[in-house]
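Chemist: Here it is, the structure in full.
The values are calculated or read from the model by the stated rules, or taken from the named source; none is laboratory data. Bear in mind that the values here come from a model prediction, so they are computed numbers and not experimental data. Note that each Cβ is placed from the backbone with ideal geometry, even for glycine, and that neighbours are counted across all protein chains shown.
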Amino acid sequence: MKIVKQKQENMFALAGLSFTELKVIKDACELFGKQGSTQAEAIAKVINDEMNNVTI
């Protein structure tokens with residue numbers, strides 16, 4: 001996994017994630033969302049939606 005700084009201030013991209021790493025991030029965000037974090041819940045939804053569109 002690699003974190004890449006973007007040109008826009010305070011923006012980063014994750015690169016080279018395995019499916020397992022991406023799933024761990026999604027699952028962690030889902031759990032954090034259940035504890036009340038609306039931002040984590042939104043992140044989990046975006047990741048989940050994108051993962052549903054990926055062909056493995």
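Chemist: Exactly one condition in (1) loosely packed, with under 13 Cβ neighbours inside 10 Å; (2) of a type in the set (A, V, I, L, M); (3) modelled with pLDDT of 95 or more; (4) touching a Gly at 6+ places or on another chain (Cβ under 9 Å) is false for residue 46; which is it?
Modeler: So the condition that residue 46 fails would be (4).
Chemist: Something else now. Taking the range 11-42 as the region of interest, how many residues are of a type in the set (Val, Ile, Thr) and over 16 Å from residue 1 (Cβ atoms)? Working first, answer last.
Modeler: Keep residues of the range 11-42 that are of a type in the set (Val, Ile, Thr), which gives 20, 24-25, 38.
Next, only the ones that are over 16 Å from residue 1 (Cβ atoms) stay: 38.
Qualifying residue count for the region: 1.
Chemist: Those residues that are under 16 Å from residue 55 (Cα atoms) and of a type in the set (S, T, N, Q), I need them from the range 1-27; list them, please.
Modeler: Those that are under 16 Å from residue 55 (Cα atoms) and of a type in the set (S, T, N, Q): 18, 20.
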